[in-house]
1. Do you know the relative contact order of the stretch 17-133, to the nearest whole percent, from alpha carbon pairs under 8 angstrom that are 6+ apart?
2. As a test, work out the antiparallel percent of DSSP beta bridges whose residues both lie in the stretch 44-395, rounded to the nearest 5.
3. Ratio of Rg to Rh for the chain, alpha carbon only, Kirkwood?
4. Among THR10, THR372, which comes first, second and so on when ranked by fewest other beta-carbon atoms within 10 Å?
5. Please give every one of the aspartates and glutamates within straight-line cross-link reach of LYS385, meaning a C-alpha to C-alpha distance under 13 Å, and leave out same-chain neighbours fewer than 8 residues apart.
6. Return a whole-number percent for the relative contact order of the chain, with Cα pairs under 8 Å and 6 or more residues apart as the contact set.
7. Among the listed pairs LYS127/LYS392; LYS319/LYS373; LYS202/LYS307; LYS127/LYS202; LYS252/LYS293; LYS307/LYS399, which have their C-alpha atoms separated by more than 30 angstrom in this model?
8. Using only Cα atoms, tell me the angle between helix 190-209 and the longest principal axis of the chain; keep it within 0 to 90° and round to the nearest 10.
Amino acid sequence: MSAAPTWIVTTETAPWQETQGVTIRDMDVFPEALLQTGSPLQEVEGFGVCFNELGWTSLSRLTEAERASIMHEIFSPQGANASVCRMPVGANDFSIDWYSYDETPGDLELRDFSIEHDEATLVPFIKAAQAVRPDLRLWASPWCPPTWMKTNNHYACGVPSPMAQQTKYDNGLTPERAIPEGTDGFILDEEHLDAYARYFGKFIDAYAERGIDISMVMPQNEFNSDQVFPSCTWTPAGLARFLRHLVPQMDKRGVEVFFGTMERADERLVEEVLADEEIGGRIGGVGFQWAGKGAVARIHWAHPELKIYQSEQECGDGKNDWRYARYAWGMMRHYFNHGANVYDYWNLSLDAGGVSRWGWSQNSFVTVDPATKEYAFNHEYYVFKHLSHFVKAGARFVKTLSYTGYENILSFVNPDGSIVIATQNDMSVPMPISFAANGKLIEATLPADSLSTFAIPAELLA
């Protein structure tokens, strides 16, 4: 049976439709986009999601068979093929409540360390993914250290704004105990820094004992942000001091250390740590999210040896609408065009409305209706799958050349030589399009307001 191209189309009303009408012929005219397959760029390690508690509690409303079906769809190669995923170290803004693994004040020996809290949520959540994908890779970052390691002895750094107060959210933090951005909220003495590095080590060990290996850590989620939920502000100098303790602990366990996560468009925050003589050369990559995307291009240009993780796709407003799905496609274009090796989505699943512990509604791949116990996959899931299903681990990103200004495209070469082309028609009318790769012309007409992926076997391009 001869190989044939695959063409998948998603529109607002019809997701993931296999479509006919691709033609492939020898190139005799110049296309809208020429794939520069002779100059492949960064390697793609994979795509993933984040495991958090409210994701699991929403899925727990469903039957065991329904949960298994969702997990198979997201993690199997037949579905979205998620393979490189994130998890928190302790509480995050989508945990059930605030907690750490050791809240005994002054317990520098960490005698009371325990991940027992996670046994009801994060452990079974990850295990359910591993059942589908035994080779699942995990990386982790904390939102907040134990409160007794912080200068204000509190999970949060910021006081709720008037808008947050309208949702009746009160984190119990008074203005005089707030920790502002640009300062170190962690107690920066050697005893606390050493204890916190060992805390990371105990976390790695405890999960390993449960058959869950974590291959990489980042020292702090959004270290510049004085959030009203679990958070901890750090200066780059403060993080460098902590990394001098953390890296040796992780080296003992064969765990990589990245810098991040970066949520500010200021590459100097990364450069200051990379310039540290003791620790800078031992950082394997950087995680960027939110406004941090504004620094990705400059860091990738200055440090091409560093891996780039898109560590948390911006999470929307809980409406899960087509408008935001189109924006999500733009985020994917930005990151892969500027060196991303991994692209991670945020909420795998949430209850309808997507409301966090502190009152913020966010988007998710799956929405569960608590009243009816029904679930649905949302638009952003299909946008993600348009890349993650087709782009295999070890694929190389390739730039495209266009003399017509056509840039609404992402292209990859898989390890088997097959070509993946994802493109959006953002117009309200169908759009004829042509691509060229390896001397062949690939032609189709994109439906109005749609996202398309073309998967072209290598033998059709020979």
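Bear in mind that the values in this text are calculations on the coordinates, not laboratory data. These figures come from a predicted structure and were not determined experimentally. Using ideal geometry, Cβ is built from the backbone for each residue, glycine included, and neighbour counts are taken over all protein chains shown.
1. Values: 92 pairs, mean separation 33.8, N = 117.
Relative CO of the stretch 17-133 lands at 29 percent.
2. Working: 7 of 34 bridges.
Counting DSSP beta bridges with both partners in the stretch 44-395, the antiparallel share is about 20 percent.
3. Working: Rg = 22.6 Å, Rh = 23.1 Å.
Rounded to two decimals, Rg/Rh equals 0.98.
4. Working: THR10 24, THR372 9.
Exposure proxy ranking, most exposed first: THR372, THR10.
5. GLU73, ASP344
6. Working: 1038 pairs, mean separation 106.9, N = 462.
Once normalised by length, the contact order is 23 percent.
7. Working: LYS127/LYS392 23 Å; LYS319/LYS373 19 Å; LYS202/LYS307 26 Å; LYS127/LYS202 19 Å; LYS252/LYS293 32 Å; LYS307/LYS399 18 Å.
Violating the 30 Å Cα-Cα cut-off are LYS252/LYS293.
8. Between helix and principal axis, roughly 50 degrees.
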